[in-house]
Structure formats: structure tokens, C-alpha cells
Amino acid sequence: MKHTYYTHGTCSQMIDYEIDDNGCLRNVMFTGGCHGNLQGISRLVEGMKAQDAIDKLEGIRCGYKATSCPDQLARAIKEVL
């Protein structure tokens with residue numbers, strides 16, 4: 001099932017992603033933000049168990065900000081789980 005999350009406090013504005021029947025992430029796509037870095041994150045989490053992605057990404061900060069694009073992805077996934 002496809003999900004869309006509107007980010008808060010980051011350069012990216014939106015994250016589209018799917019969680020398959022096995023609980024794995026698929027087709028993660030960020031809108032806005034640092035394109036190369038976010039492509040890298042998307043590829044790294046492809047096929048990863050959703051909970052494992054949360055465990056790895058939650059709490060990462062971007063500079064002085066209280067969040068980051070990886071942290072926003074973790075928050076997005078948590079909303080669905």
C-alpha cells in the first residue's frame with residue numbers, strides 16, 4: 001500500500017513509500033531536499049524491514065535541526081505501523 005508523509009522541519013517536503021505484505025519498505029521517494037543523499041537513503045532502505053529502518057534512522061539530526069530526512073522517514077513509518 002502506498003503512503004505519503006508530509007515532512008516537518010526538513011528541506012524535503014514529502015516522502016512517498018510502500019510497505020509490502022512482508023513488512024518491508026519499497027519505492028521510497030523523497031520530494032525536495034538533498035537529492036543525492038536522499039536517493040542513497042532510499043536505496044539503502046529498499047527491502048528493509050520497516051521496524052529495522054525505524055531503529056536505524058530514528059533520532060538522526062541534521063545540523064542544528066531537531067530532525068532530519070532520515071528521522072522524518074522513521075516518523076512516517078511509525079505512523080503506519
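The values are calculated or read from the model by the stated rules, or taken from the named source; none is laboratory data. The model shown is predicted, which means the values in this text are computed figures rather than measured ones. Cβ coordinates were reconstructed from backbone atoms using ideal geometry, including for glycine residues, and neighbour counts include every protein chain displayed. All accessible areas refer to the heavy atoms of the entire protein, side chains included, with ligands and DNA or RNA removed. Shrake-Rupley method; radii C 1.70, N 1.55, O 1.52, S 1.80 Å.
Can you give me the accessible area per residue for the chain, using a 1.4 Å probe, in Å²?
Accessible surface, normalised per residue, equals 60 Å².
Determine the share of the chain's accessible area contributed by carbon and sulfur atoms, expressed in whole percent, with a 1.4 angstrom probe.
52 percent
Restricting attention to the alpha-carbon atoms of the chain, what are Rg (one decimal) and Dmax (integer), both in Å?
Considering the chain through its Cα atoms, Rg and Dmax are 11.3, 37 Å.
Exposed loop sites here are trypsin sites (Lys or Arg not before Pro) in DSSP loop states with at most 12 other C-beta atoms within 10 Å. What is the longest stretch of the chain lacking them?
Excluding the exposed sites themselves, the longest stretch runs over 1-60.
Under 10 Å, Cα contacts only: if you run a Gaussian network model on the chain, which one of 32, 40, 59 comes out with the highest mean-square fluctuation?
Top of the fluctuation ranking is 40.
Under the classification rounded if a/c is under 1.5, otherwise prolate if a/b is larger than b/c and oblate if not, where does the range 29-72 fall, given a ≥ b ≥ c as square roots of the Cα gyration tensor eigenvalues? Please report the intermediate quantities before stating the final value.
Working: a/c = 2.52, a/b = 1.16, b/c = 2.18.
Oblate shape, in that a/c is at least 1.5 and b/c is the bigger or equal ratio.
With +1 assigned to the C-beta of every Lys and Arg and -1 to the C-beta of every Asp and Glu, and no other charges, what is the dipole magnitude of the chain about the Cα centre in debye, to the nearest 20?
Approximately 260 debye in magnitude.
With the dipole of the range 29-72 worked out from charges on the C-beta (+1 for Lys and Arg, -1 for Asp and Glu) around the Cα centre, which of 64, 44, 29 lies farthest toward the positive end?
The one lying farthest along the dipole's positive direction is 64.
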